[in-house]
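Let me begin by presenting the structure, written as structure tokens, before commenting on it.
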Amino acid sequence: MKKRYAQLQTQLATLKANFETRYGDRYEDIKDQVEKVKSWYDRVYPQAEEAAEALKERQARLESQLNESGKTLAKKEQQAKQNLKELLSSASKLFQGK
């Protein structure tokens, strides 16, 4: 394992040297840009994780509230149906009595 790691390190060093020889200053500029992007990513990623977690929590709360609202609405609907049924029954009895 250590031998393979050493081989990979050697290959990496060779690649870096070849890039630097071939591309010169552009290679250094690209390395700097990659480091800036990596630094930005490392700084922003935890913030994005926190935001995602906050959104999940908010979504769960909203789903719970919607569930409760749905239950309440269903109860009110049943009560309205029952009241309407009673009113229709009373009206029917009034008209049958005449």
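Computed from the coordinates by the stated procedures, all read-outs in this text should not be read as laboratory data. All figures in this text were calculated on a predicted structure; none of them were measured in a lab. Virtual Cβ from ideal backbone geometry, glycine too; neighbours counted across all protein chains shown.
Figures for the structure shown
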| read-out | value |
| --- | --- |
| Projected label distance in nm at Gln65 and Tyr23, using a 7 Å step from Cα toward the beta-carbon | 5.1 nm |
| With Cα atoms, 0 to 90° folded angle of helix 2-23 axis to the chain main axis | 80 degrees |
| Label zone at Ala52 (point 7 Å along Cα-to-Cβ), backbone N below 12 Å, region 21-35 | none |
| Gained length - Ser39 relative to Lys16, 0.36 nm times residue gap less alpha-carbon distance | 6.2 nm |
